[in-house]
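What follows is calculated from the coordinates using simple rules that are stated; it is not laboratory data. All values reported here derive from a predicted model rather than from experimental measurement. A quick note on method: Cβ atoms are made from the backbone with ideal geometry, for glycine too, and the neighbour counts reach across all protein chains shown.
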Amino acid sequence: MPKRMRSAPAKQSRLLKPKEVPTERSPEQLSPVFSLEHLQQSHCISAIADRSERGLFMDALYTLSRMSWSQINSAPRHGLGTERMPAAQIKAKIPSCVTEDVNLLVFRWKGKLPFIGFRDGRVLHVLWIEQQFGDLYDHD
């Protein structure tokens, strides 16, 4: 009787990895992504007179990008957190992208100086960056 030939075990390619099943994560668990698409010219980053202070705004975005939305929402509002702002309190012209259902959010970039935007999922659309205290809204 002839001997059966055993086939060699198939080698797994080192280039192929097991297929990963993506897991759905809530935007609250993710870090924010920033958009300057709707940044208003009257209160934009180039309006910050002291060029060295422009880096402070970028530092604020960088710090926030290392946090989850959940962490930001639970942080103090005058620290790394946020607070809601009714559009009626804003002194600047409200752009058309801000409809009645949009919640404006206030963040701090230099001491108590705010920047304001709105959130869509994990994206924060920055609208205004205040350069002079009280220029965008009356602070309490």
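Want the number for Ile45 to Val102: 0.36 nm per residue separation, take away the alpha-carbon distance, what's left? If you can, show how the numbers build up before the last one.
Details: separation 57, 0.36 × 57 = 20.52 nm, distance 2.27 nm.
So the extension gain works out to 18.3 nm.
Along the stretch 35-50, what does the Karplus equation 6.51 cos²θ - 1.76 cosθ + 1.60 (θ = phi - 60°) give for ³J(HN,Hα), rounded to whole Hz, x for Gly and Pro?
Karplus-based 3J(HN,Hα) across the stretch 35-50 equals 10, 10, 4, 9, 4, 7, 4, 5, 9, 9, 5, 6, 7, 6, 4, 7 Hz.
Run the simple label-point estimate for Ala75 and Ser52 please: 7 Å along Cα→C-beta, distance reported in nm.
For Ala75 paired with Ser52, the spin-label model returns 2.4 nm.
Starting from the Cα of Gln132, step 7 Å toward the Cβ, then list every residue of the stretch 45-76 with an amide N under 16 Å from that point.
The answer is 47-50.
Peptides 49-55, 79-85: what's the order by average Cβ count within 10 Å, highest mean first?
Values: 49-55: 10.7, 79-85: 15.3.
Highest-to-lowest ranking by the protection proxy: 79-85, 49-55.
Quick one: which residues, 5+ away or cross-chain, put their amide H under 5 Å from the amide H of Val33? H built at 1.01 Å from N.
Val123, Leu124
Could you tell me which of rounded, prolate or oblate describes the stretch 28-89, using a ≥ b ≥ c as the square roots of the eigenvalues of the alpha-carbon gyration tensor, with rounded for a/c under 1.5 and, failing that, prolate when a/b is larger than b/c and oblate otherwise?
In terms of gyration-tensor shape, prolate.
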